[in-house]
Each structure stands twice: as structure tokens, then as C-alpha cells.
Amino acid sequence: MLKAREQERWQEEQKEIRKLEEECNRALDDVRSDGRSLVMGFASRFSSDRRFILAASELNGDAIKSAPVQFCDDFDIVMAAVRRKGAVLEHVLGYCSTALRQDRRIMLAAVAHHGVLAILPDEFKADRAIVWAAVSRFGGSSVRHAAASLRADREFMREVVTQGGGD
């Protein structure tokens, strides 16, 4: 008798888990198509769940724009959003903590994945590795957004012309 109740309880729990998984998947589908669904759509039910926000940011970088403010200071969520869509860096620079706005890894990820060198803070436009990431992925014309000191570096510019596409 006791075993039958445990089995029944386990089956009910499994049913609830499947239902929650289905709802979560539906919400992630909403986020994939529109990051604003964290606020306005079915996904809003999960907007306080860190794991959900992380998954949403991995699917649609714009999701961070609609996520609750506390998630704007979560390194993993910010990194996922920037890797997915580098242009959300503008949002990150406007709303995240100083530590994240000055995190070189986030800036490098934004540039390496999406070439958003133009919107980086000035101190990162003089970083050879960051500028080179943009040049190697998006061509030599990316260097126009680099710091003047880096553009004046003959050795660096020679590398840009020879290996960065020459444009």
C-alpha cells in the first residue's frame, strides 16, 4: 500500500515536471523570437529565474534588455547576451555595474563575435588584442574605430594591412 502511494506520488511529480518543462520550452521559444517576451509574453512567468534568464540570453541577446535589473550584473548572463548579439553591449554599458563595464572579457567577446569596436569605451579601443579580434574577423577597415595611438603604431598597421584583409 505504501509503495503504491509512493509510486502514485512519483508519477504526479513527473507529470508536473513535464508540464513545467513544456511551459519553459514554450517560454524560451517566445524569447527566441522576441526578447521583450520576458516582460510582455508567456516568458514573464520565469523572469525571476536566473537559469531561465541565462538560457534566454543564450537564445536571444536582446533578452537582457527586458530582464530584471539584478541580472544585468550577472557575468554569465551578460556574457551570454553579448556573445549572442554584440550590439547589446550598448545596453550593458548603460545599465551594468562598473565592474562589468570594465571587464575586458566581455568587451573581447562582443568584438570577437560581432565587431562592435565603435561602441567600446575608449580604454578598450587601444587594446591590441581587442582591436585585432575585430580586424581579423571583420577586416582591416575595423581599425578606423581603434584609438589613434594604435593607428599610429606602424608595426600594428602593417599587420592589419597584410593579415587583416588589406581593406
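The values are calculated or read from the model by the stated rules, or taken from the named source; none is laboratory data. Just so we're clear, the structure is a prediction, and the values are computed from it rather than from any experiment. In this analysis, Cβ positions are derived from the backbone assuming ideal geometry, glycine residues included, and neighbour counts consider all displayed protein chains. Surface accessibility is based on the protein's heavy atoms, side chains included, excluding ligands, DNA and RNA. Shrake-Rupley method; radii C 1.70, N 1.55, O 1.52, S 1.80 Å.
Structure data summary
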{"read-out": "Whichever lysines have a C-alpha closer than 29 Å to that of K125, once near sequence neighbours (fewer than 8 apart) are set aside", "value": "K65, K85"}
{"read-out": "Mean Cβ neighbour count within 10 Å, used as a protection proxy, ranking 148-160, 101-113, 56-68, 79-91 highest first", "value": "56-68, 79-91, 101-113, 148-160"}
{"read-out": "Relative packing of 22-32, 129-139, which averages over residues the other C-beta atoms within 10 Å, highest first", "value": "129-139, 22-32"}
{"read-out": "With Cα atoms, 0 to 90° folded angle of helix 104-114 axis to the chain main axis", "value": "90"}
{"read-out": "Förster radius 35 Å - calculated FRET efficiency between Q70 and E123 (Cβ-Cβ, nearest 0.05)", "value": "0.85"}
{"read-out": "Relative contact order %, the chain, counting alpha carbon pairs below 8 Å whose residues are six or more apart", "value": "12"}
{"read-out": "Label of the coordinate-derived value, Cα extents along the principal axes in Å, listed as [x] 51, 34, 29; [y] 83, 28, 26; [z] 66, 32, 24", "value": "[y]"}
{"read-out": "In sequence order, calculated HN-Hα J values of the stretch 129-145 (Karplus, 6.51, -1.76, 1.60; Hz; x Gly/Pro)", "value": "5, 5, 5, 5, 4, 5, 5, 5, 8, 10, x, x, 5, 4, 5, 4, 8"}
{"read-out": "Per residue, in Å², the accessible surface of the chain once ligands and nucleic acids are set aside, probe 1.4 Å", "value": "59"}
{"read-out": "Per-selection metrics, the stretch 79-159 (Cα): Rg and Dmax in Å", "value": "12.1, 37"}
{"read-out": "On Cα atoms only, tilt of 154-163 relative to the major axis of the chain in degrees", "value": "60"}
{"read-out": "Principal-axis tilt of helix 75-84 within the chain, Cα atoms, nearest 10 degrees", "value": "70"}
{"read-out": "19 Å Cα-Cα reach of K3 towards lysines, excluding residues that sit fewer than 8 places from it in its own chain", "value": "K15"}
{"read-out": "Carbon and sulfur %, accessible surface of the chain computed with the full protein complex present, 1.4 Å", "value": "49"}
{"read-out": "Sequence ranges 120-126, 7-13, ranked by mean other-Cβ count within 10 angstrom, highest first", "value": "120-126, 7-13"}
